[in-house]
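A short worksheet on the structure shown next.
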Ligand code: PMT
């Protein structure tokens, strides 16, 4: 990367954070994150920041409408469980109300968590058929909780995500290579800058849509034009470069690449690895992400697949595969951990 390129990325970053203010919860999140990181650094634990879920792009300042990015949070939540089991302290930066480690086994599906329960002698009990699974999940959850190994932070918008990522990364910087960034969140590539956003709900009816008093004034980025909704989106600066070079230069950085066209997945993952110069890109396709991923490193690529006979339930456990060197088509996930 040339000095000119680096300088322009830094300017784009400065502009982004100058125009799009920090979320109000940032300082309180950083206070608990600082304490969490310090405690685990002193205790000799490695710390991983797992990002999970999709970021939104609000179209109005008082937001009614927004553009969303696809992600249920399965990959991130499941991977976080594996990191916890492997002894890492996990900062789980997730989209509010997306899947969470452990509770994901009993949420966000058509079955209510109450369906796992029954009544016995006036007390709530878990149905017999769920005892074994729930006990296993509960034990893992309790063990992580006892060791204070899991810190849960949340975001909704792309701006909240970027502020949290940047500031938590800076707090993790002293950890050097004992820090991992595992970027499974689905992050917006385009957004509406704060200074181009309308304050109130965009009106669909022409009779109520506000005309600009000054015909020379710049139209807001999202607006109605006649009966059409028009949205001009700006590119979100590619923060991955800044993370690698500036915010967390000594950490291990794992990013994900989501595509829908199998023909371009590997090339796009390779391109990302070469461009950002980090450690690993995990490629996945929308339709097959729950049972196959491809690990792309400077040394080449390797597919990791859950065998067909185990593709029964839906989940996600790539973290369990890192460092275990499963071979192509390796039988490496548990039934409950596909995705
Ligand atoms: O949650 P699930 O339903 O289980 O789905 C999991 C998943 C498919 C969301 C996950 O496995 C995944 O692929 N996450 C990454 C999705 C994504 O944002 O891919 P992308 O190709 O748009 O971006 C690639 C990388 O570029 C990202 O890791 C991000 O770190 C980086 N990026 C993105 C946007 C941006 N403005 N700057 C960036 O640096």
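Extending 7 Å from the Cα toward the beta-carbon at both residue 7 and residue 146 defines two label points whose distance is 5.7 nm. Ordered by the count of other Cβ atoms within 10 Å of each Cβ, fewest first, 66, 102 give 66, 102. Quick check on the stretch 67-121: take the gyration tensor over C-alpha atoms, sort the square-rooted eigenvalues as a ≥ b ≥ c, and tell me if it's rounded (a/c under 1.5), prolate or oblate. Since a/c reaches 1.5 but b/c is at least a/b, the shape of the stretch 67-121 is classed as oblate.
Of all DSSP-defined beta bridges confined to the stretch 1-149, some 55% are antiparallel rather than parallel. Put simply, the C-alpha atoms of the stretch 1-121 give a gyration tensor, and the ellipsoid matching it has half-axes of 33, 23, 15 Å, longest first. Short-range pairs are left out: with C-alpha atoms under 8 Å and at least six residues apart, the relative contact order of the chain is 19 percent.
A crude spin-label estimate for the pair residue 109 and residue 261, with each label 7 Å from Cα along the Cβ direction, gives 3.5 nm. Each of the peptides 226-238, 112-124 was scored by the mean count of other Cβ atoms within 10 Å over its residues; in descending order, highest first, they stand as 226-238, 112-124.
Calculated [222 nm] ellipticity per residue, helices only, for the chain: -9500 deg cm²/dmol; basis is -39500 (n - 2.57) per DSSP H run with n ≥ 4, divided by all residues, nearest 500. Across the stretch 64-202, counting alpha-carbon atoms alone, Rg and Dmax equal 18.8, 61 Å. Relative to the current alpha-carbon distance between residue 22 and residue 201, full extension at 0.36 nm per residue lengthens the span by 62.2 nm. Highest GNM mean-square fluctuation among 65, 305, 166, for the chain modelled with Cα contacts below 10 Å: 65. With semi-axes defined as the square roots of five times the eigenvalues of the C-alpha gyration tensor, the equivalent ellipsoid of the chain measures 35, 26, 21 Å, largest first. For the stretch 233-277, the Kirkwood hydrodynamic radius from C-alpha pairs, put into Stokes-Einstein at 37 °C and a viscosity of 0.692 mPa s, yields a diffusion coefficient of 277 µm² per second. Treating each Cα of the stretch 15-54 as one equal point scatterer and applying the Debye formula with no solvent, the log10 of I(q)/I(0) at q = 0.33, 0.34 Å⁻¹ comes out as -1.02, -1.03. DSSP assigns beta bridges within the chain; of those with both partners inside it, close to 40 percent run antiparallel. Using 0.36 nm per residue and subtracting the Cα-Cα separation, the extra length available between residue 238 and residue 274 on full extension is 11.6 nm. Once you sort the root eigenvalues of the Cα gyration tensor of the stretch 104-171 as a ≥ b ≥ c, which label holds: rounded (a/c under 1.5), prolate (a/b larger than b/c) or oblate (the other case)? Prolate shape, in that a/c is at least 1.5 and a/b is the bigger ratio.
Since every read-out is calculated from the coordinates, none of them should be taken as a lab result. Bear in mind the structure is a predicted one, so any value in this text is a computation, not a measurement. All Cβ positions, glycine included, derive from the backbone under ideal geometry; neighbour counts span all protein chains shown.
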